[in-house]
Amino acid sequence: MPDLRENPSDPPALEQIIAKRVVFTVPMMQQVIIRKNIVYKVVDGVPLKADFYLPPGSGPGERPAVILIHGGPIPANLLTPPKEWGIFVSYGQIIAASRLVGVTFNHRFYGGEHLADAQSDVEDLVAYVRQNAGDLGIDKDRIAVWAFSGGGPLLTGFLREPPSYISCIVAYYAVLDLRLMRAPGSTIEEEILERYSPVANMAGGDKQIAPIFIARAGLDNASLNESIERFIHEAVSRNVMVDFCNHPGGHHGFDVLDDNDRSREIIRHTLDFIKAHS
């Protein structure tokens, strides 16, 4: 079987996105402390790495962590892995300058057949953060997860069996119902689409899902936005706490593509939400 990581390259369609930074800034962003390329897991001899962004002048004490889950599918042979993209570097800095700990990492969402791999990577990253919380200055019982775009399905585990240590969940222009996003000719089984659709996997009964913040881009793909709308309806019907922001003129990736007041307002509101619930 060929090694999917051979001949690394960044597709032209991704090059401009990779370079873009978030259109929001806070003081002291450039002074944060970054612990780079920490191996959180090794698969078939290949290390999976994470970066930890700590507040400037971090001393003793444990802070909430915000784990950023990148989207997908992505090529397996990217020259610039997601944690090095401008969006995640700048969010790491923004979060740390906001007196939290930002965590960026790479996972293996290379296609629909790799959803289980990516899900296990997310779970193992969270486990690593909790097991090493003391050394990282993190409160292991106050962890927020923030998914972007195609990373939405990787929130499913936090909804199906809500862990007590997940303090809140954020989804930006995220796929929340894979069943609406099947590509023409796709051979992915319906059971897989169901298993990794957040809207179909919300806990019931006495299980308490963490507060959820959702941001929608008005100019996004219609099926993706329908998946968000279905999710919100289902969450509200289950009496989950949901905070929702719509960006009527926003594109998919508005936080790096749309340099305007509404983008900044949503990002500011997101940070306030995380602080309030962590």
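Just so you know, all these numbers are worked out from the coordinates, no wet-lab data involved. Here the structure is a predicted model, which is why all the values come from computation and not from measurement. As a convention, Cβ positions derive from the backbone with ideal geometry for all residues, glycine included, and neighbour counts pool all protein chains shown.
Note on Glu113 and Glu189: the extension gain reaches 26.4 nm, defined as 0.36 nm multiplied by sequence separation minus the Cα-Cα distance.
If the chain between Gln31 and Arg264 were fully stretched, how many nm would it gain, using 0.36 nm times the residue separation less the Cα-Cα distance?
Working: separation 233, 0.36 × 233 = 83.88 nm, distance 2.11 nm.
Here the answer is 81.8 nm.
Applying the criteria of a DSSP loop state and at most 13 other Cβ atoms within 10 Å to the trypsin sites (Lys or Arg not before Pro) of region 1-90 yields Arg5. Each residue of region 81-92 is assigned a 3J(HN,Hα), and the resulting list reads x, x, 5, 9, 5, x, 4, 7, 4, 6, 5, x Hz, derived from the Karplus form 6.51 cos²θ - 1.76 cosθ + 1.60 (θ = phi - 60°), x at Gly and Pro.
In this calculation the C-beta distance from Ala19 to Ala127 is compared with R0 = 30 Å, giving a FRET efficiency of 0.40. Taking packing as the residue-averaged number of other Cβ atoms within 10 angstrom, the listed peptides 137-149, 222-234 run from highest to lowest as 137-149, 222-234. Gyration tensor over the Cα atoms of region 148-278: the corresponding equivalent ellipsoid has semi-axes (square roots of 5 times the eigenvalues, largest first) of 23, 21, 11 Å.
For the chain, place one equal point scatterer on every Cα, skip the solvent, and apply the Debye formula. What is log10 of I(q)/I(0) at q = 0.09, 0.11, 0.15, 0.16 Å⁻¹? So the normalised log intensities are -0.38, -0.59, -1.18, -1.37. Just checking the listed ones, Val22, Val46, Val170: in the Gaussian network model of the chain with Cα springs under 10 Å, the one fluctuating most is Val46.
Once the Cβ-Cβ distance of Arg238 and Val42 is raised to the sixth power relative to R0 = 51 Å, the FRET efficiency obtained is 0.85. Calculate the length of the line joining the C-alpha centroid of region 88-138 to that of region 68-84, in whole Å. Result: 13 Å between the Cα centres.
Explain nothing, just the number: relative contact order of the chain, from Cα pairs under 8 Å at least 6 residues apart, as a whole percent. Mind showing how you got there, number by number?
On the way: 565 pairs, mean separation 48.2, N = 278.
Relative contact order here is 17 percent.
Dividing the summed helix terms, -39500 (n - 2.57) for each DSSP H run of n ≥ 4, by the number of residues in the chain produces a 222 nm estimate of -9000 deg cm²/dmol to the nearest 500.
Take the residue pairs Lys83/Lys275; Lys36/Lys207; Lys49/Lys140; Lys83/Lys140; Lys41/Lys140 and return only those whose Cα atoms are more than 28 Å apart. Mind showing how you got there, number by number?
Working: Lys83/Lys275 23 Å; Lys36/Lys207 36 Å; Lys49/Lys140 19 Å; Lys83/Lys140 22 Å; Lys41/Lys140 18 Å.
Those over the limit are Lys36/Lys207.
The length gained on full extension between Arg179 and Asp206, counted as 0.36 nm times the residue separation minus their Cα-Cα distance, comes to 7.0 nm.
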